[in-house]
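Asker: So that we are looking at the same thing, I have put the structure below in structure tokens.
The values are calculated or read from the model by the stated rules, or taken from the named source; none is laboratory data. All figures in this text were calculated on a predicted structure; none of them were measured in a lab. So basically every Cβ, Gly included, is an ideal-geometry build from the backbone, and we count neighbours across all protein chains shown.
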Amino acid sequence: MPCERKTMRYGHSEGHTEVCFDDTGKFIVTCGNDGDVRIWENLDDDPKFITVGEKAYSLALKNGKLVTASSNNTVQIHTFPDGDPDGILTRFTTNATHVTFNSSGSRVAAGSSDFMVKVVEMSDSSQQKTLRGHEAPVLSVTFDPKDEFLASSSCDGSVVVWNIEDQTQVISWPLLQKTNDVSNASSLCRLAWQPGAAKLLAVPVESKVHLYERGSWDHVSTLSDDLLTQPLNVVVWSPCGRFLAAGSVGGFLNVWDVNSKLCIERQKHEKGFTVCGLAWSPSGSQIAYTDTEGCLGMLDGLGTPPTDKPAKDYDALFDDDDDGVMDEGLSDGASPVKKAVAADDEEDDDFLMPLTPFARHADTGSLKLGQDKFGDDDDDAGSAVLAAAAPLLPPRPVYEGPLPSAPQKAFQPGSTPAHLTHRFMMWNSVGIVRGYNDEQDNAIDVEFHDSAVHHAMHLTNSLGHALADLSQEAVLLACPSTDELASKLQCLHFSSWDTNKEWMVDLPQGEDARALCLGQGWAAVATSSLMLRLFSVGGVQREMFSLPGPVVCMAGHGEQLLIAYHRATGFDGEQVLGVQLLQLSRRKRQIISGEPLPLSRRSHLSWLGFTAEGTPCYVDSDGVVRMLNRSLGNTWTPVCNTRDTCKSKSDHYWVVGVHENPQQLRCIPCKGSRYPPTLPRPAVAILPFKLPLCQTSTEKGQMEEQFWRSVLFHNHHSFLSSSGYEVDEEARSQSQKEQQELLMKMFALSCKLEREFRCVELAELMTHNVVTLAIRYASRSRRLALAQRLSELALEKASQIQEEEEEEEEEEKRQTAGYSGHRQQEEEEGEEREEEELREEEEQQETEEAAETKPGQFHFVHSSESERSTEAAESSLSVFDVQVLGSGKPSASSGQPRVTNILDSMTAGRKSAALGGSAGKSSKNPVLKPLAPRPKTKTQSTLLQLTGSNKTKKSQESAEPQVPPPAPPAENTENQRPKTGFQLWLEENRKSITAEQPDLEEMDVIKEAMGRFRALSAEERNEKASDECVEKRFKRRDYSSWRFSGEEFKGQISFRGRSAQLKTIHFNKLNPNS
Amino acid sequence: MDPSEVEFLAEKEMVKIIPNFSLDKIYLIGGDLGPFNPGLPVDVPVWLALNLKQRQKCRVIPPEWMDVEKLEEMRELERKEEAFTPVPSPYYMELTKLLLNHASDNIPKADEIRTLVKDIWDTRIAKLRLSADSFISQQEAHAKLDNLTLMEINTIRAFFLDSLNCMYKLRSNLQPGSATGQFTDF
């Protein structure tokens, strides 16, 4: 029978609530935890109430007598409906838990927490029978309609049937779980005896109802429902005795037909509270129920006796596999119950709604629908089905895709949130601006880290400035617009040298300042109308332009302006930000124009700014610090993750500054928040940087990380120099040295790990000098293939260097044109040619004169001027010198590799740098003696192909006459010429070499000597170099004597310039021991 | 040794300050200091910190142990233990006095700290007196006291040594062989 569940009414306070009908069925009476008994006429009515005590645990009503178990451990009687107290029926040592009348109303049974069950005569309360035997509080009692037996359930797990007269236990079933108290019991186990025939006793056991037969006390059947999973609390019989209603924990209400054992009704409490009281109205058509929250509900429409209509073929409407789920009735095929439907209580949503949580199958199995379908009248059924079906359709489709995330508001980086009364308005490397905004006053405090910049300032914030920025020159403040006043920008230009140290400007109506920043001599404001306005620090308005989106924050440094703004709306917590980097120098340009700003997932921007050296960087809310990598095409590289050093999840670091040299991230650790409080004064901590490369725990990873970090953090040198700033050369060279050292270490590691391919790759990153070291390392460790490859690499590098130097040289030529003329005269008397003559010969002309240049001077090489020998000499020298300068600090080793390479390159027929030219010369030297002209020509043609071949010829010619004349001057010059390291060494060891191989020609001796010298350690060479240096300073260069002197043939190359400390001449790089 | 000498030695301890000026690294005989960057903490000896503080060129950051809770714990521990407990710093008394006299505005709860340190000092001096007393009364030959600071030793040194010397003199005079009355002067 479809029944209607009415909305529940609030009846009592939370707690156990009981309900019963009065004899007429007109009133519903409830009692609850508030100690009241309420009398309802129907659910919509306002009840009358009687207070029976502090709490009312149970009630029973019959014959105008209301019996309640109250908290004063008594069972009281009140008249009904007046509610006048009518005496105390019985007492217990603790409260009674359940009271019930017998069917005639002559007796009352009460069970209590003191394990007793008492049966008291209504008429004479002194007549009591006490039934002892329970070992735990009594949960419920019920009278046999025939007054013979009393059934009780208790927390000791047993259900006992007593013989009342004998006060003995007839039978006891251990059905329930044992607990120690009523409140802990999983089920109240309110049992009920079938009225009328009294054949069956219904006992709720867990989620089923056991039916026991009277007399034999056999468990004859069980009523259950597959959908019932929770324990049943209470069962009541219908007055006719045919139906059994049960309420469960979880709020399910079921009604079974006892004969057919079918569940004919299922209902659920609208909120799912536990049903603890159930009463069937005497008419049999209503069930009142109460829950543990004190509410009262009604089920209407029950009680129509089922007719025996054959089951309609509803199966066709549903899947067959529903059977398993459906009740037995359906599977039987004959489900009389449902037929009743023809009575078209097509109650729709009320009872359908509770079913929606059920599975569709369950729904179809559920009787409500089923019943509707079973009805023979199809239209009714149909419409019922439709009506039933309609609410079951899912409601309007709900959008379940990604939701847009709120774009973050504009903020000043280095400030704490604006809603605080005491906040930091700006904390950067210059100082701190604090804002105080409580009820009394609104003030701004400016404090400088370096008190030399300016003394601390205290201002009253009459305009209500909310944005601030601080630089070495000025303090910039801005306030939002109000109804009367426009948004203002105020600048306290304290470094101004005139008397006016402050200016203010009104923004146009409708524009609010959203972000501001200061740079070197300028200020910028981003406004709410997507404009960016530039001002000079003195107050002159400059350019302005439109921003592509609402600004998030801005930062300025020197001539650079960095803006972060919203490019679009992000979804799912992501922010879509764009960044613009502008250069506001004389030549204004946009370096990054609106590219996306990469943030971590679902994070927002928390800080944006520049490092102290001018590299843009930013921090997101995940603690990742990213810096602009100019050398990698203006990409953003993460350099630090502050969360790595955070001990707990709620600790954050509030960034105040980033420095590249020394590498420091200055931030304030905040416990439990993202920003620090104003007081106590926060202490700045310094965090190191670490690139998140892979496997930084291994040695390789560590070195790689150090290398790339060094490269990244020294990018600013090249940037500064390109922008025309002075660069700290020492720092730059220091960093380069560091990087090369790291590369060398990585090289050594890779060698050790037999990763020669990697070695070559690493060598590509090295500078020329370090490649030589690498070659040496490789050859010493017998990795000849590697050494071979490295030498090829070195050659390439050398040629590259040469090209670069030629370019430089061209520039310098133009620069110092006048200078060479001057030099020329000085060098008139130069006698011999120097090694670089190789180069000059190629170009050309006579190179008799030994040009003398002081180290480090510029000379030009210009092909048009090559007529002059000095020029030629100079040219080669100058090229060499240029080279020297180009390489920074010349060192002994730097000369060597070049020479080596050039020599090798000569054999390979490649061009080489001037040094190489010198080397070439040296190689020529031994050759020169016997075959002076030809080798020269050869080398000339192979080496410098800069100038035309006519020069070659000239050199050839000049070479010849050179041979004789230099001999005498050679002597002189030789003495005068400073000795190179090799020369010194050769002198020392010549004897040993000749001793070993006496039949060597001079040339070979030299070769041998060179080979050995090369194999010497670098220190020894340096030693020689220093010796040579000393000599050089005081002597004129003598460059050609060695070539032509017989005995004095010294196969070394002496160069002008500092780098002339070259000691070894390597004929064959690949053969260390040649 | 004079207490002022002990204080002088204590001034060599390092303490963190935040300067408000800029200075490159300075190379002193005792070691290198700096560089000083405004707003960044730097470790300097106490004598320099106090000097800078008096010239209003820095802010002193109290050492880690100069904290009310930590000192309270130390005080409880000191009271519980019979022997001397390890001290937060070998010059805790001097540092407290110096820093609280000159830089109390940079140290939170300065008065409480003063009281707590004084309590610790009193407890330790009391233990020291007791120990000296038992040493003499039981005529021990050796004693070993751990975790004493120079200042504490200094308070007892003069008296203790003199009294021991006197007692030696007296004792040696009591010996029969010393009836000649010859004793060396200390």
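Asker: Strands (runs of 3 or more DSSP E) wholly in region A:194-293 with at least 1 residues that are buried (at least 18 other Cβ atoms within 10 Å of the Cβ) and small (Gly, Ala, Ser) - which ones? Steps first, answer last, please.
Answerer: On the way: elements: A:200-205, A:208-213, A:219-223, A:232-237, A:243-248, A:252-257, A:262-268, A:275-280, A:286-291.
It comes to A:200-205, A:243-248, A:275-280, A:286-291.
Asker: Related question: Is there a residue in region A:289-297 that is of a type in the set (A, V, I, L, M, F, W, C) and under 25 Å from A:Tyr57 (Cα atoms)? Steps first, answer last, please.
Answerer: Taking region A:289-297 as the starting set, the residues that turn out to be of a type in the set (A, V, I, L, M, F, W, C) are A:295-296.
Next cut, under 25 Å from A:Tyr57 (Cα atoms) only: A:295-296.
Yes, the conditions are met somewhere in region A:289-297.
Asker: Let me ask you something else. Determine if region B:95-117 includes at least one residue that is within 30 Å of A:Pro662 (Cβ to Cβ), away from chain A (no Cβ under 14 Å) and under 18 Å from the mean Cα position of the chain (by Cα). Write out each step before concluding.
Answerer: Filtering region B:95-117 for residues within 30 Å of A:Pro662 (Cβ to Cβ) gives B:95, B:99, B:103, B:106-107.
Checking the rest, the ones that are also away from chain A (no Cβ under 14 Å) come to B:95, B:99.
Then drop every residue that is not under 18 Å from the mean Cα position of the chain (by Cα), which leaves B:95, B:99.
Yes, some residue in region B:95-117 is within 30 Å of A:Pro662 (Cβ to Cβ), away from chain A (no Cβ under 14 Å) and under 18 Å from the mean Cα position of the chain (by Cα).
Asker: Among the residues of region A:445-459, what is the count of those that are over 21 Å from A:Leu679 (Cα atoms) and away from every other protein chain (no Cβ under 11 Å)?
Answerer: 1
Asker: Keeping to region A:502-538, report how many residues are of a type in the set (D, E, K, R), in a strand (DSSP E or B) and under 16 Å from A:Met554 (Cβ atoms).
Answerer: 2
Asker: For region A:668-687, name all the residues that are in a loop (DSSP other than H, G, I, E, B) and either in contact with a Pro (Cβ under 8 Å, 6 or more places away or on another chain) or within 14 Å of chain B (Cβ to nearest Cβ) (or both).
Answerer: Residues of region A:668-687 that are in a loop (DSSP other than H, G, I, E, B), as a first pass: A:671-684.
Of everything in region A:668-687, those that are in a loop (DSSP other than H, G, I, E, B) and either in contact with a Pro (Cβ under 8 Å, 6 or more places away or on another chain) or within 14 Å of chain B (Cβ to nearest Cβ) (or both) turn out to be A:Tyr675, A:Pro676, A:Pro677, A:Leu679, A:Pro680, A:Arg681, A:Pro682, A:Ala683, A:Val684.
Asker: Could you check, for region A:421-442, whether at least one of its residues is within 31 Å of the chain's Cα centre (by Cα), at negative phi, surrounded by fewer than 18 Cβ atoms within 10 Å (Cβ to Cβ) and more than 11 Å from chain B (Cβ to nearest Cβ)?
Answerer: Taking every residue of region A:421-442 in turn, at least one turns out to be within 31 Å of the chain's Cα centre (by Cα), at negative phi, surrounded by fewer than 18 Cβ atoms within 10 Å (Cβ to Cβ) and more than 11 Å from chain B (Cβ to nearest Cβ).
Asker: OK, next. Looking only at residues that are farther than 19 Å from A:Val234 by Cα and aromatic (Phe, Trp, Tyr) in region A:91-134, which one is nearest to the chain's Cα centre (by Cα)?
Answerer: Within region A:91-134, the match that is nearest to the chain's Cα centre (by Cα) is A:Phe115.
Asker: Still on this structure, I have one more. Check whether at least one residue in region A:700-712 is in contact (Cβ under 8 Å) with a residue 60 or more places away in the chain, in a helix (DSSP H, G or I), touching an Asp or Glu at 6+ places or on another chain (Cβ under 9 Å) and not β-branched (Val, Ile, Thr), and report yes or no. Walk me through how you get there before you give the answer.
Answerer: Residues of region A:700-712 in contact (Cβ under 8 Å) with a residue 60 or more places away in the chain: A:709, A:711-712.
After this cut, where a residue has to be in a helix (DSSP H, G or I) as well, the list is A:709, A:711-712.
Adding the requirement that they be touching an Asp or Glu at 6+ places or on another chain (Cβ under 9 Å) leaves A:712.
Adding the requirement that they be not β-branched (Val, Ile, Thr) leaves A:712.
Yes, region A:700-712 contains a residue that is in contact (Cβ under 8 Å) with a residue 60 or more places away in the chain, in a helix (DSSP H, G or I), touching an Asp or Glu at 6+ places or on another chain (Cβ under 9 Å) and not β-branched (Val, Ile, Thr).
Asker: List the number of the failed condition for B:Lys16; all other conditions in (1) within 12 Å of another protein chain (Cβ to nearest Cβ); (2) buried (at least 20 other Cβ atoms within 10 Å of the Cβ); (3) under 20 Å from the mean Cα position of the chain (by Cα) hold.
Answerer: Unmet condition: (2).
Asker: With a cut-off of at least 1 residues that are aromatic (Phe, Trp, Tyr) and surrounded by fewer than 22 Cβ atoms within 10 Å (Cβ to Cβ), name the strands (runs of 3 or more DSSP E) lying wholly within region A:1-113.
Answerer: Details: elements: A:18-21, A:28-31, A:36-40, A:48-51, A:56-62, A:65-70, A:74-79, A:85-91, A:96-101, A:107-112.
Per the criteria, A:18-21, A:48-51, A:96-101.
Asker: Do you know which residues across region A:177-193 are polar (S, T, N, Q) and part of a loop (DSSP other than H, G, I, E, B)?
Answerer: As a first pass, look at region A:177-193 and keep what is polar (S, T, N, Q): A:177, A:179-180, A:183-184, A:186-187.
Passing the criteria: A:Gln177, A:Thr179, A:Asn180, A:Ser186, A:Ser187.
Asker: Just to check your reading of the model, which residue among A:Arg666, A:Arg681 is of a type in the set (D, E, K, R) and in contact (Cβ under 8 Å) with a residue 60 or more places away in the chain? Give the steps one after another, and end with the answer.
Answerer: Numbers: A:Arg681 fails: in contact (Cβ under 8 Å) with a residue 60 or more places away in the chain.
After applying the criteria, what remains is A:Arg666.
Asker: Being buried (at least 18 other Cβ atoms within 10 Å of the Cβ), more than 14 Å from chain A (Cβ to nearest Cβ), in contact with a strand residue (DSSP E or B) (Cβ under 8 Å, 6 or more places away or on another chain) and among the small types (Gly, Ala, Ser) narrows it down to one of B:Ala49, B:Ala10, so name that one.
Answerer: Going through B:Ala49, B:Ala10 in turn, just one is buried (at least 18 other Cβ atoms within 10 Å of the Cβ), more than 14 Å from chain A (Cβ to nearest Cβ), in contact with a strand residue (DSSP E or B) (Cβ under 8 Å, 6 or more places away or on another chain) and among the small types (Gly, Ala, Ser): B:Ala49.
Asker: What's the number of the condition B:Lys109 fails, among (1) on the phi < 0 side of the Ramachandran plot; (2) surrounded by 14 or more Cβ atoms within 10 Å (Cβ to Cβ)?
Answerer: (1)
Asker: Out of region B:26-45, which residues are away from chain A (no Cβ under 12 Å) and within 22 Å of A:Leu665 (Cβ to Cβ)? Lay out the reasoning, then the answer.
Answerer: Within region B:26-45, the subset away from chain A (no Cβ under 12 Å) is B:26-34, B:43-45.
Passing the criteria: B:Gly34, B:Asp43.
Asker: Sticking with this structure for a sec: Out of A:Arg626, A:Arg630, report the one residue that is modelled with pLDDT of 90 or more, basic (Lys, Arg) and closer than 18 Å to A:His604 by Cα.
Answerer: On the way: A:Arg630 fails: closer than 18 Å to A:His604 by Cα.
The match here is A:Arg626.
Asker: Keeping to region B:140-165, report how many residues are under 18 Å from the mean Cα position of the chain (by Cα), assigned to a helix (DSSP H, G or I) and either surrounded by 11 or more Cβ atoms within 10 Å (Cβ to Cβ) or hydroxyl-bearing (Ser, Thr, Tyr) (or both). Give the steps one after another, and end with the answer.
Answerer: Taking region B:140-165 first, the residues under 18 Å from the mean Cα position of the chain (by Cα) are B:145-158.
From the residues that got through so far, the ones that are assigned to a helix (DSSP H, G or I) too are B:150-158.
Filter once more, so that each one left must be either surrounded by 11 or more Cβ atoms within 10 Å (Cβ to Cβ) or hydroxyl-bearing (Ser, Thr, Tyr) (or both): B:150-157.
Matching residues across region B:140-165 total 8.
Asker: Among the residues of region B:84-92, is any of a type in the set (S, T, N, Q), in contact (Cβ under 8 Å) with a residue 12 or more places away in the chain and in contact with a Lys or Arg (Cβ under 9 Å, 6 or more places away or on another chain)?
Answerer: Looking through region B:84-92, at least one residue is of a type in the set (S, T, N, Q), in contact (Cβ under 8 Å) with a residue 12 or more places away in the chain and in contact with a Lys or Arg (Cβ under 9 Å, 6 or more places away or on another chain).
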